[in-house]
Amino acid sequence: MLDKLLIGSHVAMNRPKYFLGSVEEALSYGATTFMFYTGAPQNSFRVPLEQCKIDEGRALMKEKGMDETKIIVHAPYIINLASAKEETFEMSVRVLTNELIRTAAFGAKTLVLHPGSHVGAGLDFGIERIAKGLDLALDAVDNDVTIALETMAGKGSEVGSRFEELAEIIKRSKHQERLGVCLDTCHMSDSGYDISSIDALMEEFDRIIGVERIKCLHINDSKNMRGARKDRHANIGYGEIGYDILNKYVHYELFKDVSKILETPYIDDLAPYKQEISMFKNGYVEHWMDEFKK
Ligand code: ZN
Ligand code: FE
Ligand code: FE
């Protein structure tokens, strides 16, 4: 049986092993959960589910004691529900609808989504449009998948960098019970939140949205100072947030049953996740990155 800390990273889903390969990759990092895209993050091409080796992956998870209800699917970046362009909005609803169906097919319950960018149409327009788009997709698919809106860095015209914006999207949807939030530590810091005082931040979040909506955490260090609105993830301990603060999020009692997912950068084409996960389980290692440079 795997130990209880729910932590993993994003993993690939590639030919020929597809989902079975995703589970194997996660296990190779010592992870107890993981996040994946059901196809390329940048486009809507999707390999048919029958080819994805889903049964094999689920069987391996079961054998290793991984709870499949805790794994996370990330929706592709091309979705922009805040777009004022009709074709973009319609494509986004169509792709999101398909991802809702695909997420359930893997046994997953949580689909992380970037709310969208209004591209100059205005924040209120964006919020209204996102709520509408979510409802169209959720109307079309009746399953038990929750869409977790990610807290954004506030780069460009991104909607969702303030808790109030996410609260407003949820409020305007008629499917509130199927909406949640994914907290990203890099994004929250970039958008200006002081993430070092976790209790105060979670009190604020609870007042505005409600902590019961938290369905996923993205644990990333940030290359930039608080408020930079850049969205550049850094490896754990090599950014402006630092290991100690991130470690608090990983072990915070409130997030005990919530999957913590690393989306930190590769180092010279090598995944850092085994080392980063190990540091959250066993304590910080100084200069851990040095072993990649050999
Ligand atoms: Zn994301
Ligand atoms: Fe993220
Ligand atoms: Fe990011």
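Quick check on the stretch 33-51. Is at least one of its residues in a loop (DSSP other than H, G, I, E, B), under 25 Å from I214 (Cβ atoms), open to solvent by 10 Å² or more (accessible area, probe 1.4 Å) and touching a strand residue (DSSP E or B) at 6+ places or on another chain (Cβ under 6 Å)? Yes, there is a match, as at least one residue in the stretch 33-51 is in a loop (DSSP other than H, G, I, E, B), under 25 Å from I214 (Cβ atoms), open to solvent by 10 Å² or more (accessible area, probe 1.4 Å) and touching a strand residue (DSSP E or B) at 6+ places or on another chain (Cβ under 6 Å). One residue stands out among those in the stretch 257-282 that are over 9 Å from Y29 (Cα atoms) and of a type in the set (F, W, Y): the one that is least open to solvent (accessible area, probe 1.4 Å), which is F280. Look at the stretch 219-233: where a residue is open to solvent by less than 30 Å² (accessible area, probe 1.4 Å) and a partner is away from ligand 2 (no atom under 14 Å from the Cβ) and not in a loop (DSSP other than H, G, I, E, B), sitting 6+ places away or on another chain with Cβ atoms under 7 Å, you get I219/V250. Scanning the stretch 232-276 for residues that are hydroxyl-bearing (S, T, Y) and more than 16 Å from ligand 2 (Cβ to nearest atom) turns up Y238, Y243, Y252. Do we find that D221 is of a type outside the set (A, V, I, L, M, F, W, C) and away from ligand 1 (no atom under 13 Å from the Cβ) in this structure? Against the criterion (of a type outside the set (A, V, I, L, M, F, W, C) and away from ligand 1 (no atom under 13 Å from the Cβ)), D221 qualifies. When D194, D199 are screened for being farther than 20 Å from I130 by Cα and in a helix (DSSP H, G or I), only D199 passes.
Residue-by-condition table, conditions (1) open to solvent by 30 Å² or more (accessible area, probe 1.4 Å); (2) within 17 Å of Q176 (Cβ to Cβ); (3) at pLDDT 95 or above:
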residue	(1), (2), (3)
R102	no, no, yes
L111	no, yes, yes
G126	no, no, yes
L138	no, yes, yes
V141	no, yes, yes
D144	yes, yes, yes
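Among the candidates S117, S28, S44, S83, the residue that is out of contact with any Pro (no Cβ under 6 Å at 6 or more places or on another chain) and at pLDDT below 95 is uniquely S44.
The values are calculated or read from the model by the stated rules, or taken from the named source; none is laboratory data. What you see is a predicted model, and the numbers here were worked out from it, not measured in a lab. As a convention, Cβ positions derive from the backbone with ideal geometry for all residues, glycine included, and neighbour counts pool all protein chains shown. Quick note on the areas: whole protein, heavy atoms, side chains included, nothing else; ligands and nucleic acids left out. Shrake-Rupley method; radii C 1.70, N 1.55, O 1.52, S 1.80 Å.
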